[in-house]
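The values are calculated or read from the model by the stated rules, or taken from the named source; none is laboratory data. Treat the numbers as computed from the prediction; the structure is a model and nothing was measured. Backbone-built Cβ (ideal geometry, glycine too); neighbour counts: all protein chains shown.
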Amino acid sequence: MTSAGEGARHLYVHLPFCAHRCGYCDFVTAVGRHDEHGRYVDALLRELEVESSLLAPRLDTIFVGGGTPTFTEPAALERLLAALPEAEEVTVESNPETVTPELARLLSRNRVNRVSIGAQTFHMHLLDVLERAAGPEDVRRSVYVLRDAGLDNISLDLIYGIPGQSPSDLERDLAETLALEPEHVSAYELEAKPGTRFTHAHGAELERQAESMESYFELVVSTLTGAGFRWYETANFCRTGTAPGGPDLRARHNLAYWLGRDYLGVGVGAVSTIESRRRRNTPGLARYVRALERRERPPREVEELTADVVAAERVMLGLRLDEPLSVVGVERALDAHELERLERLGLAELREETLALTTRGRFLGGGVTAALLA
Amino acid sequence: MDQSTHQDKIRNFSIIAHIDHGKSTLADRILQLTETVAARDMRDQLLDSMDLERERGITIKAQAVRVRWKGHELNLIDTPGHVDFTYEVSRSLQACEGALLVVDAAQGIEAQTLANAYLAIENNLEIVPVVNKIDLPQADPDGAAAEVAELIGEDADRVLRISAKTGEGVADVLDALVERIAPPAGDPDAPPRALIFDSSYDQYRGVVAFVRVVDGKFHRREQLRAMALGTIFEAQEIGFMSPVMRPVEALTAGEVGYVITGLKDVSELRVGDTLTSQKRPATAPLPGYKDVKPMVFAGLFPTDSDEYPELRDALEKLKLNDAALFYEPETSQALGFGFRCGFLGLLHMEIVRERLEREFDLDLLVTAPNVAYRVRPMNGEWTEVHTPSDLPDAFDEVEEPYIKASIIVPKEFVGTVMELNNDRRGRFDHMEYLSEQRVHLVYELPLAEIVLDYYDQLKSRTRGYASFDYDVTGFRPGSLVRVDVLVGGEPVDALSLIVHRDFAYERGKALVEKLREEIPRQMFDVAIQAAIGARVIARETVKARRKDVLAKCYGGDITRKRKLIEKQKAGKKRMKQVGGVEVPQEAFLAVLNLNEGARK
C-alpha cells in the first residue's frame, strides 16, 4: 500500500467523448462535440498540473478511459498522451471502429503499451441490441491493426447476457475471442442499470433470463480457464505464459484498485481515492471545463472514508481476486461467526493470515462478501 | 316522583343492526331529537368512541346513553355488532326489555342481524322492527319489511319505515319504543342486584362498570361485591351517561348507568357478573354469566426483536380495556421472543393487531391463526394446546372446537356454499327460505376450518352476497395430526400445523411448495420437508445459487458497489435464520395462503 505522503502511483484520465451513447451505458459521456475536444484536453492537463503534488514521482500505471478515448480528435488525443507523465503501464480504452492504423501509430508513439478494445460480442444482431457501431469484422481488424503497430498487450471486453443471446451465441463469442489471442479478456454480465434507456426497453427480458445467467458465467469461466487463461478477478482473465516466469499480464492499473492502492483520477466525473479521502469531480462537462479555465479546481463531492469503510472495501475488493486476501488490518471488517459458516459451506478458506474464496465461493462472491462483512 | 311510577316511565332498549345498516346514524339522530346533545356538539356517530370503530363501522365496546322523550326515560344500550362479541351482545340484550331491529331497506336481513335477533327473542325482548334508508334510490322498503315481519312473526304494517339520515320517521320510532316496550320489572325493595353488561378502563379512575340495575338500589360510597368473581370494592361514583358522565347519588331498579370502581385490573370485573351490596347482599346472582374463553390463537412477534418490550407494554395497555384478550410470552426458535395471543375470533384478532400497529406504532409479524385444542396425552390429563407445535407426538385423544355457522345467501349460491362447507368438513344442519330469493343455511363446522380463509372464500364464491355468522358450540374429538415443517433439516416451530389426517398430505405438500417459492436461493441447497412425526410426507429443494457477483468494480465505482453490498447485508439481517437458512418473514405467512392452492 502507498504510505502517506508518498503520492499516488496510479493515474486515471477520463475522456468522455463518444460517437453515440449506448443504451446500457451509465458512464459520464458526451456525444460528438468535436469542437470541444481540444478545450477539454486543455482543462484536463490543467487539472493534472494543479494536482501533480498528489502523484508520486514515478507512476506505475496510467489508464485512459471513457467514453471512447480513441474517438477524441487525434490532435487533442496526441497532445494529451504526450503530456502524460511516464508510467510502466499505459492503457487506453478503444472502440473497434475507431482503431485505424493512424490511431494505432499515434498510441504507439506516445508510449501507450496496452489497449483495451470494447468488442462486447461478435454477433451483429446482439451488437445492434447494444447499439454498438462496430461490426464483428471491426473487432478482428482492430486487433491486427494494433498488433501491426507493435502493441503487444491487448485486452478484449466481452458482454454476456445480452437480450436474445443464446448459450451457443456466447460459446461462439468466446471462441472468436480466443482465436484473436488477446493477452487479456474482461467479461461482464450486462447490467441493466435503473433509469437507463436500455433497462426501459429490455428490463422484462433481462429479468426472464436472470436464471440462465448462472450458466453463462460458468461457461465464460470454464471456457477461458480451459484455454489457459488465469481467472484472476471476478470478471477478468489474463493469458499465462507457457513457460513459468513469463510476463504478468494482469491489468496492473485495475489491480491497484482491487488492492486498495491510492489513485488520482482527472477529468469530468473522475474519482480519486487518496489517503482515505475519495472525491468525485463534477459530472457536468461545461462546469468542469469552465472551472479549470478560471484556474480553479472543478466542483467535487468528497467522501471521507472511515477506518471501518476502508477495511470493508479492502475485503470487498480483495475477495474479487484469485490471490488470498491478507486479513491483517481488516479483521475489524470481518464477521468471525459468518466466516466459520462459510468455511463449513466450502466457500471460503482462512489460512494463517490470509483469506481466500474457493472456486464456488468466487462464483458467489457478492453474497459471500455481504455475509462476511461485520 | 313516586318510585314505582318512575320505574314505569323507564324503557331500556338496544339497537340490533348489521354493520352499515345505520345503527350509529339512528343513535345520533335519537340524541339530537331528544336534545340530549346540542346540535353544535353533534359529531357523527358519537357513540363509537374509538377511531377504529368509527372507521370500520364497527362498535367494539358497548355503551349506554340516557335520553328523555315525552316524560319517559329511555336508555339506549349500544351493542357490539360482530360475531366475535356474541357474549357481550347477549349481556347487553339481557339488560334491556326491548330492541330496535334495524334493517337496510336495500340490503334486507343479514346473518348477523339474524343471529342477534334470535338472541333478542331468546331473551324475551320486545322487538320493534325498523326498515332504514328508505331514502335510497335502490331501497325496497316493502321487501325488507316483509322479510323482517316474517322473521319475528309480526305484521308487516307494524314495521316502521325511516331514514335515519334525513330524520324521517325517527320520532315515530321513539313513540313506538315507549308504547311497545314494557317498563322494567324488578323489585325496588329487594336486595340490590345489577347486571354488568360492559366495562371500560379509565387510567385515572380505574375500571368503570356499565350496569343495569335489576332489583333494589345502589348508592355512592357503598361497598359492592361482584358475585361471580367475589371482587369487593367501593362505588366511588355512580351515575348515568347523557351522553357524558352525570354523577347521581343512587341508581334504582330498572335504571341503567355506570359505577366507578377504582379497580386497577379489568379482569377483576367481568361482563355478565352481578353486582350486589356487601351490606345487604342478594342471595343469587342474575343468570347467564359465562367465562368467555379465547378460541383463536396466533403468535405475535415484533419484526424488530428490539421492540419486544414495547409489544409487551402495548398488550398490557390493550388488555386494560379488553378483558377477552389473552396473551402469554412465547419463544419461537424461528421468530424469537413474542406472545401467543388468544382472541374471541378473527375480527377480534384483526382489531387487536390493527390497534397494536396503529396506536402503538409496532411492526408485527402475526403467525397464521389456529384454534384451541384439547388433548389428552398418553395416560395423562386433558390440557389445552394453543400452539400447534405444542401438540405432543403421541396422545390418546384430541378435540377441536366446533361452530354452528349461519349463512344467508341468494338461492342461486346455495350449491356453491354447500360445496365450500363440504370441503371444510362441514355437516349440514338445516336450511330455510327467508324469502323467495334468500336462503338461510345452517352448518356445523370445525372452527379450524374457518380461521384461515373461509370468509374470503365465501365472499368470493358468492360474489359478496353471502353473510355469515357463527357461534362456538363446543369441543369434539377429531382425527387430527401435527404436521411439522423442516427447513435445512431443522423443524420450524412457527410453521407447524394441526390438520385433519385426511388433509395432512395435501396440506403438507402445498405448504412446502409454497415455502419453496418464498425462501430465496441460498449459497447451498435447502431441503424443505413436511413431516408427521418422523415420517416425511412431502419434500422440496431450494437449489443453491450458482452465481452472485457484482459484474464489475473499478476505481470510479467502489462507493456505489460498497453500498450495494451493504444493502444486501441489511436485507439479510431482516430475514430470520433457521438452521443457517435465511428465511424471509413472508415465508412464515405462507400457511395463510395455502387453502386455495391445496383445495383447488
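What to note about this one:
- Residue, modelled with the lowest pLDDT, within segment B:561-575, restricted to residues that are of a type in the set (A, V, I, L, M) and out of contact with any Asp or Glu (no Cβ under 9 Å at 6 or more places or on another chain): B:ALA570
- Matching strands (runs of 3 or more DSSP E) fully within segment B:295-414 where at least 2 residues are aromatic (Phe, Trp, Tyr) and over 16 Å from the mean Cα position of the chain (by Cα): B:336-343, B:395-410
- The listed residue being among the aliphatic types (A, V, I, L, M) and without any contact (Cβ under 8 Å) to a residue 40 or more places away in the chain, out of A:VAL90, A:VAL139, A:VAL115: A:VAL90
- Annotation: of all residues in segment B:119-133 being touching a residue at least 12 places away in the same chain (Cβ under 8 Å) and surrounded by fewer than 23 Cβ atoms within 10 Å (Cβ to Cβ), the one that is farthest from the chain's Cα centre (by Cα) is B:GLU126.
- Filtered by the rule that a residue be under 43 Å from the mean Cα position of the chain (by Cα) and acidic (Asp, Glu), segment B:526-559 gives a lone residue, B:GLU540.
- Between B:PRO247, B:PRO243, the distinction of being within 20 Å of B:GLU73 (Cβ to Cβ), surrounded by fewer than 16 Cβ atoms within 10 Å (Cβ to Cβ), touching a residue at least 24 places away in the same chain (Cβ under 8 Å) and of a type outside the set (Phe, Trp, Tyr) belongs to B:PRO247 only.
- Test: residue in segment B:587-595 that is at pLDDT below 90 and either in the same structural domain as B:ALA334 (by TED's automatic domain parsing) or among the aromatic types (Phe, Trp, Tyr) (or both): yes
- Failed item in (1) surrounded by 14 or more Cβ atoms within 10 Å (Cβ to Cβ); (2) of a type outside the set (A, V, I, L, M); (3) within 13 Å of chain B (Cβ to nearest Cβ); (4) part of a loop (DSSP other than H, G, I, E, B), with A:GLY346 passing the rest: (1)
- Some residue of segment A:291-304 being under 22 Å from B:ARG560 (Cβ atoms), more than 21 Å from the chain's Cα centre (by Cα) and within 11 Å of chain B (Cβ to nearest Cβ): yes
- Of all residues in segment A:267-276, those that are under 16 Å from A:HIS10 (Cα atoms), within 12 Å of chain B (Cβ to nearest Cβ) and not aliphatic (A, V, I, L, M) total 3.
- The residues on offer are B:THR274, B:THR303, B:THR252, B:THR261, and the sole one that is of a type in the set (S, T, N, Q), touching a strand residue (DSSP E or B) at 6+ places or on another chain (Cβ under 7 Å), at negative phi and surrounded by fewer than 19 Cβ atoms within 10 Å (Cβ to Cβ) is B:THR303.
- In segment A:349-374, residue nearest to the other protein chains (Cβ to nearest Cβ) [restricted to those that are part of a loop (DSSP other than H, G, I, E, B) and over 19 Å from A:VAL309 (Cα atoms)]: A:LEU364
- Only a single item in (1) in contact with a Ser or Thr (Cβ under 9 Å, 6 or more places away or on another chain); (2) away from chain B (no Cβ under 12 Å); (3) not β-branched (Val, Ile, Thr) is not met by A:LEU264, and it is number (2).
This table checks each residue for (1) surrounded by fewer than 20 Cβ atoms within 10 Å (Cβ to Cβ); (2) within 19 Å of B:ALA504 (Cβ to Cβ).
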| site | (1), (2) |
| --- | --- |
| B:GLU381 | yes, no |
| B:PRO388 | no, yes |
| B:PHE395 | yes, yes |
| B:ARG427 | yes, no |
| B:LEU441 | no, no |
| B:GLU444 | yes, no |
| B:ARG461 | yes, no |
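- Subset of segment A:243-261 that is among the small types (Gly, Ala, Ser) and either within 21 Å of A:SER155 (Cα to Cα) or more than 13 Å from chain B (Cβ to nearest Cβ) (or both) - its residue that is surrounded by the most Cβ atoms within 10 Å (Cβ to Cβ): A:ALA251
- For segment A:197-225, residues that are among the polar types (S, T, N, Q) and within 14 Å of chain B (Cβ to nearest Cβ) total 4.
- A:ALA312 vs. criteria within 11 Å of chain B (Cβ to nearest Cβ), free of Cβ contacts under 8 Å to residues at least 60 places away in the same chain and in contact with a helix residue (DSSP H, G or I) (Cβ under 8 Å, 6 or more places away or on another chain): no
- Residue in segment A:87-106 that is on the phi > 0 side of the Ramachandran plot and part of a loop (DSSP other than H, G, I, E, B) present: no
- Within the span defined as segment B:94-115, one or more residues are at pLDDT below 90, surrounded by fewer than 24 Cβ atoms within 10 Å (Cβ to Cβ) and over 22 Å from B:LEU434 (Cα atoms).
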